[in-house]
Every structure is written in C-alpha cells, then in structure tokens.
Amino acid sequence: MWQQITDRITKVIGERLEFIGQKPVSGGCINQSYALNTNLRTYFVKLNLIALEEMFIAEALGLQKIQKTATIRVPQPICYGTINDKSYLVLEWLDLAGSRQQNWKLLGANLAAMHKFSVADLGLKNGFGWVSDNTIGSTPQINPWTENWAEFFAQQRIGYQLELAKQQGGNFPATQLVVEAVCIALAGHQPQPSLVHGDLWSGNAAITCDDEPIIFDPAVYVGDREVDLAMTKLFGGFPQQFYQEYRRIFPLASGYEKREKIYNLYHILNHFNLFGGSYGTQANRMIETIINS
C-alpha cells in the first residue's frame, strides 16, 4: 500500500520518489495518521475506511479554498484515493514546534484576513452553505445553500445534530422547539458570508518550526465568521494575543457573547454524537439557556 501511495505522489508532483518507510504519528481520533518518508521529503498521510473517501475529498477541497485566499497557511493537499480497503489523503508535512506568542497574534490577523476575503472571488455563491456536504470530525455536515443565516444555522447545524443525538439515545427537548429558539436568538444578526474553518479549536491550529501560524483539519463552509471565534474558546482556548489582534483588524458586532454560546452548542452536540458521556448534560444546559433567554 505504501509503495502505491508513493507512486501516486510521484505521478502528481512530477518528481521520482523512492519509498523509505512510514511511522504512525499523533493526528486526532478520527483517522490513522502516518509520516511517509521518501528520498526527497516526508508527507503526512491520513487513512480511514474506503467508505469515507468522500470525507478526504471534501477536506482537500476545503484546504484548497483556504489556500486560494492567500491569507493563512494550511497544509498543501497533494492527493487522495483508495487502495484495497482503505481511503487516504496525502498532505504536505509541516513541523509543528514553534511557540512564540507574537505568532499567535499573527494567527489572529491572518484569520481576520481570511474572514474578510470575498467569497465571490472564490467562485462561491452569495449565501450560506458549501459546494457539497462534508464532515465535522466524522459526523456529516449538511450544507445546502441558504440565504438566511439564522435559518441555516438553526436547521442545518443545531437541528441536524439534535436529531442525530436523539438517535444516539440522548434525552433532549423537541428539535423544533430548539430550532425556533435559535432562529429567534439569531434573527437580528445579519453577518456577511465568510469562508470559515468550521472546526477551529486549539488542536487544529499550531505554530511551525519556522514560527509561522497554521490551521488544519477544516470543516469548511461559508458562514458567520463568529463561529470560528466561538469555537476557539472551547477545549482550552487560544492565547489572548490572538483575540486582541483579530478584534483590532475585524471588530465583532454587538451581541457576540450571546451568539458564542449558541454557536458552540453545535460542537458540544457533535461531541455527544461522537463520544457520548457528559457532553449530553452540557448540551442540555446550553439549550435551556437559549430557550429561556
């Protein structure tokens, strides 16, 4: 398999590579991740079931669209495909070991620039959604183009996750009740459509050995830029310099703090669907706050 992947990379990049070896590396809990070593350079390879090839195709497209903005560094997607019973995605290898605080400040500036970038210049529709459905982790993320942001987020993000959660045995309020509460809470907010990373927690951002900030493992779509800012507050958060620089370049609209909690409900529900446990209790507390606000 590894020789076949190396041969595929050779065909794509036009340089003759010789396979030297591979070793597993840490890379999240959804995929198997490896460093593929060749005579010229190392590549980052993700493996999963053959049935999940579309997940890798969607990730490659998302990375390509982010690259097209020329605002923020992401790993270069090289190729993807299937071999035997596996699907794979090959990415540029990046050494992640930098930690200088001013580079988190630069990450804030670069993310603001990405969010400001015109989605029309990316060849995308003026609305909210994406060119296809993709995934958030391994959960389907449904992306029909929708003109109204509140309707899109309430139905395609919260409503969809709630229905999945109930199928997983979760005890939650009626989906339509929650969807309506989210629509009401977001009704007065009319954001500009922005390209968003979609899954921007601290595990999906880093500083390279060259002290360049990068983001990776996206769940890209066109949405309210605030969804990215909101998620950075979950699971540890980013350094304060990141938020200060982002807000300096692209100030947030009033009411953000309330919307932050609504946007993060999506990810807590998704974590319940992926991992179960106390995420269900946390989601119910958030839902209660939204309904009663």
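The values are calculated or read from the model by the stated rules, or taken from the named source; none is laboratory data. From a predicted model like this one, the values you see are computed outputs, not experimental measurements. Note that we place each Cβ from the backbone using ideal geometry, even for glycine, and neighbour counts take in every protein chain shown.
Details
- Out of Lys46, Lys68, sole residue that is at pLDDT 95 or above and surrounded by fewer than 16 Cβ atoms within 10 Å (Cβ to Cβ): Lys68
- Which numbered condition Leu94 fails, given (1) in contact with a Cys (Cβ under 9 Å, 6 or more places away or on another chain); (2) at pLDDT 95 or above: (2)
- Among the residues making up region 49-65, those that are surrounded by fewer than 19 Cβ atoms within 10 Å (Cβ to Cβ) and charged (D, E, K, R) are Glu53, Glu54.
- Out of Asn103, Asn110, Asn148, one residue alone is among the polar types (S, T, N, Q), touching a Pro at 6+ places or on another chain (Cβ under 8 Å), farther than 30 Å from Gln4 by Cβ and modelled with pLDDT of 95 or more. It is Asn110.
- His189 meets the conditions (1) crowded, with 23+ Cβ neighbours inside 10 Å; (2) of a type outside the set (D, E, K, R); (3) more than 24 Å from Glu54 (Cβ to Cβ) in every case but one. The failed one is (1).
- For region 161-259, the helices (runs of 4 or more DSSP H) that sit wholly inside it and include 1 or more residues that are more than 22 Å from Ser138 (Cβ to Cβ), at pLDDT 95 or above and under 20 Å from the mean Cα position of the chain (by Cα) are 226-231, 240-249.
- Subset of region 209-242 (residues that are touching a helix residue (DSSP H, G or I) at 6+ places or on another chain (Cβ under 9 Å) and under 12 Å from Asn103 (Cα atoms)): Asp211, Glu212, Pro213, Ile214, Phe238, Pro239, Gln240, Gln241, Phe242
- Filtering Lys105, Lys86, Lys125 for residues that are crowded, with 20+ Cβ neighbours inside 10 Å and either of a type in the set (Phe, Trp, Tyr) or more than 18 Å from the chain's Cα centre (by Cα) (or both) leaves a single hit, Lys105.
- Among the candidates Leu61, Leu47, Leu52, the residue that is under 16 Å from Thr6 (Cα atoms) and not assigned by TED's automatic domain parsing to the domain that holds Asp228 is uniquely Leu47.
- Taking region 64-93 as the range and being among the hydroxyl-bearing types (Ser, Thr, Tyr) and under 14 Å from Gln4 (Cβ atoms) as the test, the residues that pass are Tyr80, Thr82, Ser87, Tyr88.
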